[in-house]
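Asker: Sharing a structure, written as structure tokens. Questions coming.
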Amino acid sequence: MSQKVSRLKSPHQLRVESFMRASMQSIPEIPTMPDLRIRKLRAAFYLEEMRETISALGFDVAVSSGGELELREAREPDFVLIVDGCADVSVINLGTLSACGVADISIMWEVDDNNMAKFAPGHSFRDDGKLLKPPGHKPPDFGAVLRQQGWAGERGC
């Protein structure tokens, strides 16, 4: 890995990549779309860990009569398993970025800056507490960040 790219990766991402290499998973040097086998593996990891985390939070996922996913209270939450699930999802997220050859630091700064910009005049909150974007809010410019990491501009990662 080049020194320029490694400076763009958090210590946590570098540890996740050490685990991935020990597990015989490849990590591209620049942002690139992984093949079908890797994409399916990453998707399976998300399904497994998100299901476990949702369960730890005390819910089951159900499909409504209209085909929408909904949460149904199913059990008492388990605090230790919630923390475990959050940690596992963090590893899956960083591993997926790594499988796409993407360094996390500049991506997360782009997200954090964009989230704070949502507090501009005109923002509001949904009934459940989610912050809603103000009129004219622009999405994060991930393309620019990825190009700085060497991305050639192909569709996807």
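Asker: I need the full set of residues from region 62-89 which are of a type in the set (Gly, Ala, Ser) and either in contact with a strand residue (DSSP E or B) (Cβ under 9 Å, 6 or more places away or on another chain) or open to solvent by less than 100 Å² (accessible area, probe 1.4 Å) (or both), in order please. Let's see the steps before the verdict.
Answerer: Initially, region 62-89 is screened for residues of a type in the set (Gly, Ala, Ser), giving 62, 64-67, 74, 85, 87.
Result: Ala62, Ser64, Gly66, Gly67, Ala74, Gly85, Ala87.
Asker: If you scan region 105-157, which residues turn out to be under 12 Å from Pro31 (Cβ atoms) and among the acidic types (Asp, Glu)?
Answerer: Glu154
Asker: Exactly one condition in (1) assigned to a helix (DSSP H, G or I); (2) touching a Lys or Arg at 6+ places or on another chain (Cβ under 9 Å); (3) surrounded by 17 or more Cβ atoms within 10 Å (Cβ to Cβ) is not met by Ile105; state its number.
Answerer: Every listed condition holds for Ile105 apart from (3).
The values are calculated or read from the model by the stated rules, or taken from the named source; none is laboratory data. The structure presented is a predicted model; accordingly, all values stated were derived computationally and were not measured. Every residue, glycine as well, gets a Cβ built from its backbone with ideal geometry; the counts of neighbours run over all protein chains shown. These accessible areas exclude ligands, DNA and RNA; they are computed on the full protein's heavy atoms, side chains included. Shrake-Rupley method; radii C 1.70, N 1.55, O 1.52, S 1.80 Å.
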